[in-house]
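Below is a structure I'd like to ask you about.
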Amino acid sequence: TTKLSKEKVEITKEQRALIKAILDAYNRHQIPQDVTKKLLQEQYSAEENFLLLTEVATSQVQVLVEFTKNIPGFLSLDREDQIALLKGSAVEAMFLRSAQVLSKKMPSGYTEVLEERIRKSGMSEEFITPMFNFYKSIGELHMTQEEQALLTTITILTPDRPYVKSHEAVERLQETMLDVLRKLCVLQHPQEPQYFARLLGRLTELRTLHHYHVEMLTSWKTNDHKFTPLLCEIWDVQ
Ligand SMILES: C[C@]12CC[C@H]3[C@@H](CC=C4C=C(C(=O)O)CC[C@@]43C)[C@@H]1CC[C@@H]2C(=O)c1ccc(O)cc1
(Lines give C-alpha, C1' and ligand atoms only; values in the text may rest on other atoms or scores of the structure.)
Protein backbone atom coordinates (compact mmCIF):
# COMPACT_ATOMS: atom_id res chain seq x y z
CA THR A 1 0.00 0.00 0.00
CA THR A 2 2.98 2.38 0.54
CA LYS A 3 3.42 2.42 -3.25
CA LEU A 4 -0.25 3.52 -3.62
CA SER A 5 0.10 6.37 -1.13
CA LYS A 6 3.35 7.42 -2.85
CA GLU A 7 1.45 7.44 -6.20
CA LYS A 8 1.63 10.95 -7.76
CA VAL A 9 -2.06 11.87 -8.08
CA GLU A 10 -2.56 14.46 -10.77
CA ILE A 11 -5.89 16.10 -11.68
CA THR A 12 -5.83 16.91 -15.40
CA LYS A 13 -6.98 20.22 -16.88
CA GLU A 14 -10.11 18.53 -18.25
CA GLN A 15 -10.91 17.04 -14.85
CA ARG A 16 -10.47 20.43 -13.19
CA ALA A 17 -12.94 21.92 -15.70
CA LEU A 18 -15.35 19.05 -14.97
CA ILE A 19 -15.19 19.68 -11.21
CA LYS A 20 -15.81 23.40 -11.77
CA ALA A 21 -18.81 22.78 -14.05
CA ILE A 22 -20.41 20.36 -11.57
CA LEU A 23 -19.70 22.53 -8.52
CA ASP A 24 -21.11 25.65 -10.23
CA ALA A 25 -24.26 23.73 -11.19
CA TYR A 26 -24.56 22.32 -7.66
CA ASN A 27 -24.25 25.76 -6.05
CA ARG A 28 -26.50 27.43 -8.61
CA HIS A 29 -29.40 25.01 -8.08
CA GLN A 30 -30.77 25.36 -4.54
CA ILE A 31 -34.40 25.47 -3.41
CA PRO A 32 -35.69 29.08 -3.46
CA GLN A 33 -35.47 31.30 -0.37
CA ASP A 34 -39.25 31.78 -0.15
CA VAL A 35 -39.66 28.00 0.31
CA THR A 36 -37.00 27.72 3.03
CA LYS A 37 -38.42 30.87 4.71
CA LYS A 38 -41.84 29.20 4.99
CA LEU A 39 -40.17 26.29 6.75
CA LEU A 40 -38.92 28.74 9.37
CA GLN A 41 -42.16 30.70 9.80
CA GLU A 42 -45.17 28.39 9.54
CA GLN A 43 -46.55 26.98 12.78
CA TYR A 44 -45.98 23.35 13.80
CA SER A 45 -48.44 20.51 13.39
CA ALA A 46 -48.03 17.07 11.82
CA GLU A 47 -50.27 18.20 8.95
CA GLU A 48 -48.45 21.52 8.41
CA ASN A 49 -45.05 19.82 8.66
CA PHE A 50 -46.02 17.23 6.05
CA LEU A 51 -47.34 19.94 3.69
CA LEU A 52 -44.13 21.96 4.08
CA LEU A 53 -41.95 18.90 3.48
CA THR A 54 -44.04 18.09 0.43
CA GLU A 55 -43.42 21.59 -0.85
CA VAL A 56 -39.65 21.41 -0.31
CA ALA A 57 -39.56 17.90 -1.79
CA THR A 58 -41.33 19.16 -4.91
CA SER A 59 -39.00 22.13 -5.13
CA GLN A 60 -36.00 19.82 -4.63
CA VAL A 61 -37.08 17.61 -7.53
CA GLN A 62 -37.19 20.66 -9.80
CA VAL A 63 -33.73 21.68 -8.56
CA LEU A 64 -32.45 18.13 -9.13
CA VAL A 65 -33.68 18.12 -12.75
CA GLU A 66 -31.96 21.43 -13.45
CA PHE A 67 -28.72 20.27 -11.78
CA THR A 68 -28.76 16.98 -13.72
CA LYS A 69 -29.11 18.81 -17.06
CA ASN A 70 -25.83 20.58 -16.24
CA ILE A 71 -23.86 17.38 -15.69
CA PRO A 72 -21.40 17.31 -18.62
CA GLY A 73 -22.43 14.51 -20.98
CA PHE A 74 -25.86 13.89 -19.41
CA LEU A 75 -27.85 15.54 -22.22
CA SER A 76 -26.00 13.47 -24.84
CA LEU A 77 -27.42 10.27 -23.28
CA ASP A 78 -30.51 8.64 -24.82
CA ARG A 79 -33.55 10.75 -23.78
CA GLU A 80 -35.46 7.86 -22.24
CA ASP A 81 -32.36 6.90 -20.28
CA GLN A 82 -32.14 10.47 -18.95
CA ILE A 83 -35.68 10.06 -17.54
CA ALA A 84 -34.89 6.58 -16.18
CA LEU A 85 -31.77 7.93 -14.39
CA LEU A 86 -33.70 10.85 -12.88
CA LYS A 87 -36.58 8.71 -11.67
CA GLY A 88 -34.21 6.03 -10.37
CA SER A 89 -31.97 8.41 -8.45
CA ALA A 90 -34.39 11.09 -7.19
CA VAL A 91 -34.88 9.54 -3.74
CA GLU A 92 -31.17 8.90 -3.19
CA ALA A 93 -30.18 12.35 -4.45
CA MET A 94 -32.80 13.83 -2.11
CA PHE A 95 -31.57 11.91 0.92
CA LEU A 96 -27.99 12.83 0.08
CA ARG A 97 -29.09 16.47 -0.17
CA SER A 98 -30.94 16.34 3.14
CA ALA A 99 -27.94 14.72 4.84
CA GLN A 100 -25.65 17.44 3.51
CA VAL A 101 -28.07 20.15 4.68
CA LEU A 102 -28.90 18.64 8.08
CA SER A 103 -25.28 17.89 8.97
CA LYS A 104 -24.27 21.54 8.82
CA LYS A 105 -25.40 24.08 11.41
CA MET A 106 -27.07 27.15 9.91
CA PRO A 107 -27.24 30.53 11.70
CA SER A 108 -30.96 30.83 10.84
CA GLY A 109 -31.70 27.66 12.84
CA TYR A 110 -32.97 26.16 9.57
CA THR A 111 -31.37 22.80 10.33
CA GLU A 112 -33.02 22.47 13.75
CA VAL A 113 -36.42 23.57 12.40
CA LEU A 114 -36.14 21.14 9.48
CA GLU A 115 -35.16 18.28 11.78
CA GLU A 116 -38.09 19.06 14.08
CA ARG A 117 -40.55 19.11 11.18
CA ILE A 118 -39.24 15.82 9.81
CA ARG A 119 -39.59 14.15 13.22
CA LYS A 120 -43.16 15.45 13.54
CA SER A 121 -44.56 14.90 10.04
CA GLY A 122 -46.50 11.68 10.56
CA MET A 123 -43.45 9.58 9.65
CA SER A 124 -43.15 6.46 11.77
CA GLU A 125 -40.15 5.91 14.07
CA GLU A 126 -38.97 2.92 12.02
CA PHE A 127 -38.05 5.36 9.15
CA ILE A 128 -36.83 8.24 11.29
CA THR A 129 -34.09 6.17 12.96
CA PRO A 130 -32.31 4.94 9.79
CA MET A 131 -32.73 8.36 8.19
CA PHE A 132 -31.05 10.21 11.05
CA ASN A 133 -28.37 7.52 11.35
CA PHE A 134 -27.57 8.22 7.71
CA TYR A 135 -27.48 11.98 8.32
CA LYS A 136 -24.99 11.35 11.16
CA SER A 137 -22.80 9.05 9.04
CA ILE A 138 -22.66 11.68 6.28
CA GLY A 139 -21.97 14.45 8.79
CA GLU A 140 -18.96 12.57 10.21
CA LEU A 141 -17.28 12.62 6.79
CA HIS A 142 -17.05 16.44 6.66
CA MET A 143 -17.29 16.33 2.86
CA THR A 144 -16.10 19.32 0.84
CA GLN A 145 -18.53 21.01 -1.56
CA GLU A 146 -16.79 19.34 -4.53
CA GLU A 147 -17.13 15.92 -2.93
CA GLN A 148 -20.84 16.51 -2.20
CA ALA A 149 -21.52 17.66 -5.77
CA LEU A 150 -19.56 14.75 -7.27
CA LEU A 151 -21.15 12.15 -5.00
CA THR A 152 -24.62 13.42 -6.03
CA THR A 153 -23.53 13.25 -9.69
CA ILE A 154 -22.25 9.68 -9.25
CA THR A 155 -25.56 8.69 -7.62
CA ILE A 156 -27.52 10.10 -10.56
CA LEU A 157 -25.25 8.33 -13.08
CA THR A 158 -25.86 4.87 -11.61
CA PRO A 159 -26.14 2.53 -14.67
CA ASP A 160 -28.24 -0.22 -13.06
CA ARG A 161 -31.44 1.76 -12.55
CA PRO A 162 -34.69 0.24 -13.88
CA TYR A 163 -35.35 0.73 -17.64
CA VAL A 164 -31.88 2.09 -18.50
CA LYS A 165 -31.15 0.84 -22.04
CA SER A 166 -27.57 1.96 -22.89
CA HIS A 167 -25.95 0.75 -19.69
CA GLU A 168 -22.38 1.19 -21.02
CA ALA A 169 -22.86 4.87 -21.96
CA VAL A 170 -24.01 5.65 -18.40
CA GLU A 171 -21.24 3.50 -16.90
CA ARG A 172 -18.58 5.38 -18.92
CA LEU A 173 -19.93 8.70 -17.68
CA GLN A 174 -20.07 7.49 -14.08
CA GLU A 175 -16.53 6.11 -14.26
CA THR A 176 -15.27 9.51 -15.41
CA MET A 177 -16.81 11.06 -12.30
CA LEU A 178 -15.57 8.26 -10.02
CA ASP A 179 -12.01 8.79 -11.25
CA VAL A 180 -12.19 12.51 -10.50
CA LEU A 181 -13.68 11.89 -7.05
CA ARG A 182 -11.04 9.28 -6.23
CA LYS A 183 -8.24 11.75 -7.07
CA LEU A 184 -9.94 14.56 -5.11
CA CYS A 185 -10.23 12.32 -2.05
CA VAL A 186 -6.53 11.39 -2.19
CA LEU A 187 -5.55 15.05 -2.54
CA GLN A 188 -8.02 16.52 -0.02
CA HIS A 189 -7.78 13.74 2.63
CA PRO A 190 -4.13 12.62 2.45
CA GLN A 191 -4.23 11.24 6.01
CA GLU A 192 -7.24 9.04 5.20
CA PRO A 193 -6.33 6.63 2.37
CA GLN A 194 -9.70 4.89 2.90
CA TYR A 195 -11.74 8.10 2.60
CA PHE A 196 -12.83 7.43 -1.01
CA ALA A 197 -13.98 3.91 -0.06
CA ARG A 198 -15.96 5.36 2.88
CA LEU A 199 -17.71 7.80 0.53
CA LEU A 200 -18.74 4.98 -1.81
CA GLY A 201 -19.94 3.01 1.22
CA ARG A 202 -22.46 5.80 1.87
CA LEU A 203 -23.96 5.15 -1.59
CA THR A 204 -24.72 1.60 -0.48
CA GLU A 205 -26.35 2.96 2.70
CA LEU A 206 -28.41 5.28 0.46
CA ARG A 207 -29.88 2.34 -1.39
CA THR A 208 -31.29 0.88 1.85
CA LEU A 209 -32.92 4.27 2.56
CA HIS A 210 -34.51 4.07 -0.88
CA HIS A 211 -36.25 0.90 0.28
CA TYR A 212 -37.52 2.61 3.48
CA HIS A 213 -38.74 5.53 1.42
CA VAL A 214 -41.21 3.46 -0.57
CA GLU A 215 -42.73 2.22 2.70
CA MET A 216 -42.73 5.77 4.09
CA LEU A 217 -44.73 7.05 1.12
CA THR A 218 -47.15 4.14 1.38
CA SER A 219 -47.75 4.74 5.09
CA TRP A 220 -48.37 8.45 4.43
CA LYS A 221 -50.76 7.53 1.63
CA THR A 222 -52.74 5.14 3.78
CA ASN A 223 -53.15 7.99 6.26
CA ASP A 224 -54.68 9.90 3.37
CA HIS A 225 -51.76 12.32 2.79
CA LYS A 226 -51.66 13.98 -0.65
CA PHE A 227 -48.52 14.36 -2.76
CA THR A 228 -47.96 16.82 -5.61
CA PRO A 229 -48.27 15.67 -9.27
CA LEU A 230 -44.49 16.03 -9.73
CA LEU A 231 -43.72 13.78 -6.74
CA CYS A 232 -46.32 11.25 -7.91
CA GLU A 233 -44.69 11.21 -11.34
CA ILE A 234 -41.09 10.92 -10.22
CA TRP A 235 -41.86 8.34 -7.51
CA ASP A 236 -44.57 6.42 -9.39
CA VAL A 237 -47.07 7.07 -6.59
CA GLN A 238 -50.71 6.60 -7.76
C1 LIG B 1 -36.80 13.79 1.66
C2 LIG B 1 -37.71 14.77 2.40
C3 LIG B 1 -38.21 15.79 1.41
C4 LIG B 1 -37.05 16.69 0.91
C5 LIG B 1 -36.26 17.34 2.04
C6 LIG B 1 -35.81 16.31 3.09
C7 LIG B 1 -35.19 17.04 4.27
C8 LIG B 1 -34.27 18.11 3.87
C9 LIG B 1 -34.26 18.69 2.63
C10 LIG B 1 -33.44 19.85 2.44
C11 LIG B 1 -33.52 20.59 1.29
C12 LIG B 1 -32.70 21.82 1.13
O13 LIG B 1 -32.44 22.52 2.13
O14 LIG B 1 -32.28 22.09 -0.02
C15 LIG B 1 -34.40 20.19 0.17
C16 LIG B 1 -35.50 19.26 0.58
C17 LIG B 1 -35.03 18.12 1.49
C18 LIG B 1 -34.12 17.23 0.68
C19 LIG B 1 -37.01 15.48 3.54
C20 LIG B 1 -36.78 14.32 4.55
C21 LIG B 1 -38.02 13.41 4.35
C22 LIG B 1 -38.81 14.02 3.19
C23 LIG B 1 -39.62 13.05 2.36
O24 LIG B 1 -39.16 11.95 2.05
C25 LIG B 1 -40.95 13.47 1.86
C26 LIG B 1 -41.51 12.78 0.76
C27 LIG B 1 -42.76 13.12 0.28
C28 LIG B 1 -43.47 14.16 0.88
O29 LIG B 1 -44.71 14.51 0.41
C30 LIG B 1 -42.91 14.85 1.99
C31 LIG B 1 -41.65 14.52 2.46
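Per DSSP H run of n ≥ 4, the term is -39500 (n - 2.57); total these for the chain, divide by its residue number, and report the mean residue ellipticity at 222 nm rounded to 500 deg cm²/dmol. Walk me through the intermediate numbers first.
Details: 11 runs with 171 residues, N = 238.
One gets -23500 deg cm²/dmol as the mean residue ellipticity at 222 nm.
A further question on this structure: Restricting to Cα pairs below 8 Å that are 6+ residues apart, what does the relative contact order work out to for the chain? Please round to a whole percent. Display every interim value, and only then the final one.
Numbers: 222 pairs, mean separation 66.1, N = 238.
Across the chain, relative contact order equals 28 percent.
Taking all protein chains in place and a 1.4 Å probe, what share, in percent, of the accessible surface of the chain do carbon and sulfur account for? Present the calculation step by step, with values, prior to reporting the outcome.
Numbers: 7150 of 12460 Å².
Looking at the chain in its full context, I get 57 percent from C and S.
Another question, then. Counting pairwise Cα distances across the chain, what percent come out greater than 33 angstrom? Provide the component values of the computation, followed by the final result.
Values: 5279 of 28203 pairs.
The answer is 19 percent, as a whole percent.
Rolling a 1.4 angstrom probe over the protein heavy atoms, how many square angstrom per residue are accessible across the stretch 115-216? List each step's numbers first, then the result.
Details: 4900 Å² over 102 residues.
It amounts to 48 Å² per residue over the stretch 115-216.
Run the simple label-point estimate for ASP179 and ARG16 please: 7 Å along Cα→C-beta, distance reported in nm.
1.8
Would you please name the GluC sites (Glu not before Pro) within the stretch 17-69 that are DSSP coil residues with at most 10 other C-beta atoms within 10 Å of their C-beta? Working shown, then result.
Details: sites: GLU42, GLU47, GLU48, GLU55, GLU66; in loops: GLU42.
Within the stretch 17-69, no GluC sites (Glu not before Pro) qualify (loop, at most 10 other Cβ atoms within 10 Å).
Please find the FRET efficiency linking LYS8 to ARG198, where r is the Cβ-Cβ separation and R0 is fixed at 35 Å, and quote it to the nearest 0.05.
0.95
Right, another one. Find how much the distance from GLU215 to GLU126 grows on full extension, using 0.36 nm per residue of separation minus their present alpha carbon separation; answer in nm with one decimal. Could the numbers behind the result be given before it?
Numbers: separation 89, 0.36 × 89 = 32.04 nm, distance 1.01 nm.
That pair, GLU215 and GLU126, stretches by 31.0 nm at full extension.
Kirkwood Rh over Cα pairs of the stretch 74-208 into Stokes-Einstein at 20 °C, 1.002 mPa s: D in µm²/s?
Details: Rh = 16.1 Å.
Stokes-Einstein gives a translational diffusion coefficient of 133 µm²/s.
Then there's this: For a quick protection proxy, order the peptides 178-184, 93-99, 227-233, 141-147 by their average other-Cβ count within 10 Å, most packed first. Please report the intermediate quantities before stating the final value.
Values: 178-184: 18.4, 93-99: 22.4, 227-233: 14.3, 141-147: 16.9.
The most tightly packed comes first, giving 93-99, 178-184, 141-147, 227-233.
Same structure, new question: If I model a spin label as a point 7 Å beyond the Cα along the Cα-Cβ vector, how far apart are those points for ARG172 and VAL35 in nm?
3.4
The values are calculated or read from the model by the stated rules, or taken from the named source; none is laboratory data. Bear in mind that the values here come from a model prediction, so they are computed numbers and not experimental data. Because the Cβ atoms are built from the backbone with ideal geometry, glycine has one as well, and the counts that use them run over all protein chains shown. Please note that ligands, DNA and RNA were not included when accessible areas were found on the heavy atoms of the full protein model with its side chains. Shrake-Rupley method; radii C 1.70, N 1.55, O 1.52, S 1.80 Å.
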